[in-house]
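This report refers to the structure that appears directly beneath it.
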Amino acid sequence: MPRVHIDVMLKDEILDPQGQAVERALPGMGYPGVSAVRIGKHIELDIADGADVDGTVEHLAEQLLANPVIEQFTWRVDNA
């Protein structure tokens, strides 16, 4: 049964206040060289053998997991 990993991130042109807050906190935590922090979502799911993985994942991500107006997604299959 394939395990699918889907990452949903805000589009580059969309302001990420959560990422900015983390970025501002990092120097005080001893990480002064970290920048361009973006926060997103990682979703893992199993899809039944024989199912249309491409179609299922694309439909789920476009219709349920990501807001196409402000977010983009990538995905990969882990068959191990």
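Tabulated data
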quantity: The chain, accessible surface, carbon-and-sulfur percent (1.4 angstrom probe); calculated: 55 percent
quantity: Nearest-0.05 FRET efficiency for residue 67 and residue 29, computed from C-beta distance (R0 30 Å); calculated: 0.45
quantity: Built amide H within the under 5 Å cut-off of residue 71, gap 5+; calculated: 11
quantity: Per residue accessible area of the chain, 1.4 Å probe, in Å²; calculated: 69 Å²
quantity: Estimated inter-spin distance, residue 45 and residue 20, nm [label 7 Å along Cα→Cβ]; calculated: 3.2 nm
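The values are calculated or read from the model by the stated rules, or taken from the named source; none is laboratory data. Quick caveat, the model's predicted, so the values are computed rather than measured. Glycine also receives a Cβ, built like all others from the backbone with ideal geometry; neighbour counts cover every protein chain displayed. Heads up: the accessible areas ignore ligands, DNA and RNA and are worked out on the full protein's heavy atoms, side chains in. Shrake-Rupley method; radii C 1.70, N 1.55, O 1.52, S 1.80 Å.
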